[in-house]
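One structure below.
The values are calculated or read from the model by the stated rules, or taken from the named source; none is laboratory data. Remember, predicted model here, so these are calculated numbers, not experimental data. Positions of Cβ are backbone-derived with ideal geometry, glycine not excepted, and every protein chain shown enters the neighbour counts.
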Amino acid sequence: MYQTTNILRTNPKSGERIPGASVGTVPVIRIYGVSENGNSIVMHVHGFTPYFYVEAPPGFNESHTAAFRVALDNQVRNAARGVKVPMYILGCSVCEKQSIWGYRDKKSTFLKIYTALPGFVATARNILQHGFEVPGTIPRREYLCYESSTPFVLRFMIDQDIVGCNWLELPAGSYSVRRDTPSKTDQFSRTSLCQAEIDVVFNNIVSHAPEGKWMKQAPFRILSFDIECQGRHGFFPDAEQDPVIQIANIVTVQGEKQSFVCFIFLIVLCAHSLSTLEYEARERWSLAFSLSLSLSFTTHARTHTRAHTHRYVTSSCLVDVCRSPEQRCSILRTRKRCF
């Protein structure tokens with residue numbers, strides 16, 4: 001996934017510049033994963049720039065790229081919606097490529113066009129496809145665009161040889177770690193509940209192909225949960241009519257047979273059972289509040305990682321739980337057993 005944010009001022013790898021825009025808003029890719037020891041990590045990847053290709057008009061060369069960029073930038077600026085940036089088209093370069101569309105036995109001249117944000121790729125493509133001219137240089141013509149529909153994150157994975165769940169390595173000195181309590185000199189603060197947050201420029205990431213020792217699986221934590229509703233005889237539970245009465249959760253680590261977290265959220269009291277969190281409803285408050293209270297003590301009672309897991313349990317359940325006032329309840333008391 002990616003987000004738009006401010007520019008990383010200094011490359012963690014000393015002496016190297018950061019690719020992409022030098023001012024304004026930029027896209028930052030976030031990669032979530034775990035280390036060999038099972039520590040949760042989020043990596044903020046900077047510097048990767050959206051781009052696409054167009055077939056160059058006859059006689060086009062490097063001397064035309066500056067005027068082409070300025071003319072396209074002006075039109076994209078007028079057509080773009082949403083985020084405003086100082087420069088919409090960051091650059092154009094001439095390259096030799098071979099299209100796989102139809103039969104062609106040799107390479108052709110293409111333009112590689114870089115945009116400031118992923119959303120500007122579609123805007124620029126529409127302008128070029130419907131007719132575009134460079135005043136005084138290139139007459140109006142329609143351009144054939146290539147690789148303009150490739151999602152930004154997929155484009156990054158293709159270029160960096162990253163596949164789903166393969167191992168990534170960051171060489172020493174190529175990244176910086178965000179601190180829990182940032183100082184005045186730190187540009188970014190933590191944005192997640194992961195145990196480590198890292199900033200790195202995309203070309204410093206080493207992607208290992210899933211071969212040999214890199215075929216091993218990471219110790220992912222797997223959450224399994226089951227929601228039980230009060231229900232009506234003969235009807236499948238409906239979120240608008242059937243209140244949730246129980247949410248059971250089990251967390252296991254990939255490759256292990258025994259779960260390390262096992263508990264149940266219950267509404268009102270029940271018979272004694274292993275690992276239950278019970279809530280007695282008396283007044284009209286939301287179930288979301290009762291589940292949030294459970295987080296308040298699990299955060300202190302357990303490790304940061306397991307509290308993070310509980311937070312996801314709650315966010316998953318609230319989608320179907322808190323939809324109507326009839327399903328609201330409050331807590332008279334909270335009791336923890338065998339947890």
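Things to note:
- Filtered residues of the stretch 54-83 (kept if in contact (Cβ under 8 Å) with a residue 60 or more places away in the chain and more than 15 Å from Phe132 (Cβ to Cβ)): Val83
- Residue identified as out of contact with any Asp or Glu (no Cβ under 7 Å at 6 or more places or on another chain), modelled with pLDDT of 90 or more and more than 21 Å from Gly33 (Cα to Cα) among Asp226, Asp242: Asp226
- The listed residues are Leu117, Leu111, Leu72, and the only one of them that is modelled with pLDDT of 90 or more, buried (at least 18 other Cβ atoms within 10 Å of the Cβ) and in a helix (DSSP H, G or I) turns out to be Leu72.
- A search for C-beta distances below 9 Å between a residue of the stretch 129-142 that is in contact (Cβ under 8 Å) with a residue 24 or more places away in the chain and any residue that is of a type outside the set (Gly, Ala, Ser) and in a loop (DSSP other than H, G, I, E, B), counting only pairs 6+ apart in sequence or on different chains, returns Phe132/Glu142; Phe132/Tyr143; Ile138/Pro57; Ile138/Phe60; Arg141/Pro57.
- Residue in the stretch 124-132 that is assigned by TED's automatic domain parsing to the domain that holds Asp73, in a loop (DSSP other than H, G, I, E, B) and either at pLDDT below 95 or surrounded by fewer than 16 Cβ atoms within 10 Å (Cβ to Cβ) (or both) present: yes
- Within the stretch 84-108, the residues that satisfy the criterion of being part of a strand (DSSP E or B) and free of Cβ contacts under 8 Å to residues at least 60 places away in the same chain are Ile89, Gly91, Cys92, Ser93, Val94, Cys95, Glu96, Lys97, Ser108.
- Flag if Pro210 is surrounded by fewer than 17 Cβ atoms within 10 Å (Cβ to Cβ), more than 20 Å from Phe48 (Cα to Cα) and free of Cβ contacts under 8 Å to residues at least 12 places away in the same chain: no
- Among the residues of the stretch 15-66, those that are under 23 Å from Cys145 (Cβ atoms) and in a loop (DSSP other than H, G, I, E, B) comprise Pro19, Gly20, Ala21, Phe48, Thr49, Pro50, Ala56, Pro57, Pro58, Gly59, Phe60, Asn61.
- Ala172 within 15 Å of Ile31 (Cα to Cα) and either among the small types (Gly, Ala, Ser) or part of a loop (DSSP other than H, G, I, E, B) (or both): no
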